[in-house]
1. Determine which member of the set Arg124, Arg103, Arg96 is buried (at least 17 other Cβ atoms within 10 Å of the Cβ), basic (Lys, Arg) and within 20 Å of Ser269 (Cα to Cα).
2. Considering (1) buried (at least 21 other Cβ atoms within 10 Å of the Cβ); (2) closer than 22 Å to Leu89 by Cα, say which one Phe256 fails and leave the rest.
3. Could you list, ordered by first residue, the pairs with Cβ atoms under 6 Å in which the first is in region 353-366 and surrounded by fewer than 20 Cβ atoms within 10 Å (Cβ to Cβ) and the second is in a loop (DSSP other than H, G, I, E, B) and at pLDDT 80 or above, at least 6 apart or interchain?
4. Select from region 233-247 the residues that are within 15 Å of the chain's Cα centre (by Cα) and over 18 Å from Thr115 (Cβ atoms) and write down the one among them that is modelled with the lowest pLDDT.
5. If you check Lys28 against the conditions, is it at pLDDT below 95 and either touching a Ser or Thr at 6+ places or on another chain (Cβ under 8 Å) or closer than 30 Å to Glu105 by Cβ (or both)?
6. Search region 297-313 for residues being surrounded by fewer than 23 Cβ atoms within 10 Å (Cβ to Cβ) and assigned to a loop (DSSP other than H, G, I, E, B), and hand back the single one that is nearest to the chain's Cα centre (by Cα).
7. Hey, does region 45-65 have a residue that's more than 25 Å from Asn126 (Cα to Cα), at pLDDT 95 or above and either open to solvent by 20 Å² or more (accessible area, probe 1.4 Å) or not hydroxyl-bearing (Ser, Thr, Tyr) (or both)?
8. I need the full set of residues from region 285-296 which are part of a loop (DSSP other than H, G, I, E, B) and either at positive phi or of a type outside the set (A, V, I, L, M, F, W, C) (or both), in order please.
Amino acid sequence: MGVYTSFAAKLLFPLHEHLKKHSTVAVKGALERSQWLEPEAIRALQLDRLRQFLGECAAHVPYYRDLFRALDFDPAAISGIGDLARLPLLTKDIIRSEFERLRSELPEPVRLFSTTGSTGDPLRFNISNTRISHDVAAKWRATRWWDVDIGDRELVIWSSPIELTRQDRVKQLRDCLLRSRLLPATAMSQTDMDRFIAEIRRFAPRMLFGYPSSMTLIAQRAEQQGVRLDDLGIRVAFCTAETLYPHQTDVMQRVFGCPVANGYGGRDSGFIAHACPRGGMHITAEDIIVEVVDAQGRPLPPGVPGEVLVTHLYSTGFPFVRYRNGDLAVLDDRPCTCGRGLPLLKEVRGRTNDVLLAEDGSIVLAVAIAIVLRDMPGVNGFKVIQETLQHCRLQLVRDGSFQQSSAEQQIRAAFRARLGEGVRLDIEYPEAIEAEASGKYRYVVSKVSQRHVAQGGGAAG
């Protein structure tokens with residue numbers, strides 16, 4: 001750790017968090033100790049906190065007080081994590097309709113947050129100082145797994161309007177002192193990407209952080225222009241907020257000359273899991289319980305894909321208990337070779353509308369389509385929009401080497417093989433793929449898969 005990085009991580013940032021009345025530093029210290037506990041000890045720690053947390057909900061949160069009474073549910077009598085299955089799922093519709101009754105009666109300060117609404121349904125909720133401290137500490141711990149720390153030069157490639165409207169002078173000063181710089185990737189024209197590439201070379205960051213889609217576009221542009229970015233000493237590229245596809249990892253590793261670390265979480269769900277250098281996707285189990293369930297909300301065993309439910313054990317002020325965040329994932333029961341006792345996610349498959357549905361209703365992962373298109377000559381970008389079970393649109397950004405007749409024949413055959421012989425595919429050729437309202441670049445948008453799963457079509461295929 002360099003002198004300035006040590007100064008920032010041990011003095012500047014702790015002072016910043018203290019002034020904000022966050023307990024981040026103490027929580028991070030506890031997390032760095034608990035990660036080495038045996039799995040049984042971590043489960044025991046989880047269970048103790050779950051009893052305490054649900055007891056707080058029963059005492060101070062009107063919605064849960066009434067719910068527990070109606071179910072004759074006693075938090076103190078919980079004997080295992082599996083007892084959570086006795087409680088109903090928390091959905092976005094419930095949060096909207098019960099917003100005031102989901103707020104704790106305790107006077108802890110809370111802030112109003114919202115999701116970006118990439119699925120068309122933005123969600124508003126409160127987050128307490130306690131939860132913010134735990135989420136920031138969990139991210140800090142995971143950052144340190146990769147031999148980087150607060151105060152190392154960080155380039156954030158981000159396009160969320162929430163961040164971009166909060167670049168006030170205090171935040172700018174803080175980011176300057178912590179050597180974190182924002183690239184506002186709200187637009188990704190060739191001119192924009194060339195400017196970003198020049199800034200990466202000039203700033204020479206030790207770590208990158210941002211959407212995998214945006215970083216992949218920048219890496220591809222640098223490679224096309226013959227600009228090296230693998231000689232800058234970048235240690236790691238942290239990806240979050242979107243599904244990370246294998247072809248994106250390949251491009252970023254090759255161009256940036258560093259490993260790619262996948263992070264999984266969200267404003268609503270918290271900092272759920274993060275990859276370590278040994279490849280394990282570690283759940284922040286001290287703070288969060290992750291269930292993977294079938295369409296009826298019943299827990300599924302490791303290795304079986306299903307919907308994600310999140311219980312954030314430190315979501316005081318506005319509890320999230322068995323929250324249905326709209327994602328698909330697979331639990332893993334194998335230990336990681338890094339030696340941490342934290343449980344693992346085997347796979348994160350993205351949102352329920354980031355997968356396609358075949359004609360028979362079975363799920364088709366986006367990567368099954370991506371591998372057909374990613375190496376096709378002349379294809380510089382693509383996006384699949386599933387309108388119905390029988391109709392898809394494919395947007396392709398092409399260059400002069402694209403052989404339209406033979407390529408279209410190959411693409412149509414691939415879609416039929418994966419989605420069904422009766423699926424109609426319309427191929428469009430825009431000049432560029434437009435970002436979503438949130439600023440993200442999504443490769444697959446299904447208008448039917450999320451509704452299908454929500455109606456009981458199942459999460460495994």
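The values are calculated or read from the model by the stated rules, or taken from the named source; none is laboratory data. Since this is a predicted model, take the numbers as computed values, not measurements. Cβ atoms come from the backbone with ideal geometry, glycine included; neighbour counts cover every protein chain shown. Quick note on the areas: whole protein, heavy atoms, side chains included, nothing else; ligands and nucleic acids left out. Shrake-Rupley method; radii C 1.70, N 1.55, O 1.52, S 1.80 Å.
1. Details: Arg124 fails: buried (at least 17 other Cβ atoms within 10 Å of the Cβ); Arg96 fails: buried (at least 17 other Cβ atoms within 10 Å of the Cβ).
Testing whether each residue is buried (at least 17 other Cβ atoms within 10 Å of the Cβ), basic (Lys, Arg) and within 20 Å of Ser269 (Cα to Cα) leaves just Arg103.
2. (2)
3. Correct list of pairs: Ala358/Gly420; Glu359/Leu389; Glu359/Gly420; Glu359/Gly422.
4. We begin by selecting, within region 233-247, every residue within 15 Å of the chain's Cα centre (by Cα); these are 237-245.
Within this subset, residues satisfying the condition of being over 18 Å from Thr115 (Cβ atoms) are 237-239, 244-245.
On the way: Ala237: 97, Phe238: 96, Cys239: 93, Leu244: 85, Tyr245: 82.
Of everything passing the filter in region 233-247, Tyr245 is modelled with the lowest pLDDT.
5. Details: at pLDDT below 95: no; either touching a Ser or Thr at 6+ places or on another chain (Cβ under 8 Å) or closer than 30 Å to Glu105 by Cβ (or both): yes.
So Lys28 does not fit the description; no.
6. Restricting attention to region 297-313, the residues satisfying the condition of being surrounded by fewer than 23 Cβ atoms within 10 Å (Cβ to Cβ) are 297-305.
So of that shortlist, the ones also assigned to a loop (DSSP other than H, G, I, E, B) come out as 297-298, 300-305.
Working: Gly297: 21, Arg298: 23, Leu300: 21, Pro301: 22, Pro302: 20, Gly303: 20, Val304: 20, Pro305: 17 Å.
By that ranking, first place goes to Pro305.
7. Filtering region 45-65 for residues more than 25 Å from Asn126 (Cα to Cα) gives 45.
Those left that are additionally at pLDDT 95 or above: 45.
Subsequent filtering for residues that are either open to solvent by 20 Å² or more (accessible area, probe 1.4 Å) or not hydroxyl-bearing (Ser, Thr, Tyr) (or both) retains 45.
Checked against the condition, which is being more than 25 Å from Asn126 (Cα to Cα), at pLDDT 95 or above and either open to solvent by 20 Å² or more (accessible area, probe 1.4 Å) or not hydroxyl-bearing (Ser, Thr, Tyr) (or both), region 45-65 yields at least one hit.
8. Quick first cut of region 285-296, residues part of a loop (DSSP other than H, G, I, E, B) only: 285-287, 294-296.
Selection gives Glu286, Asp287, Asp294, Gln296.
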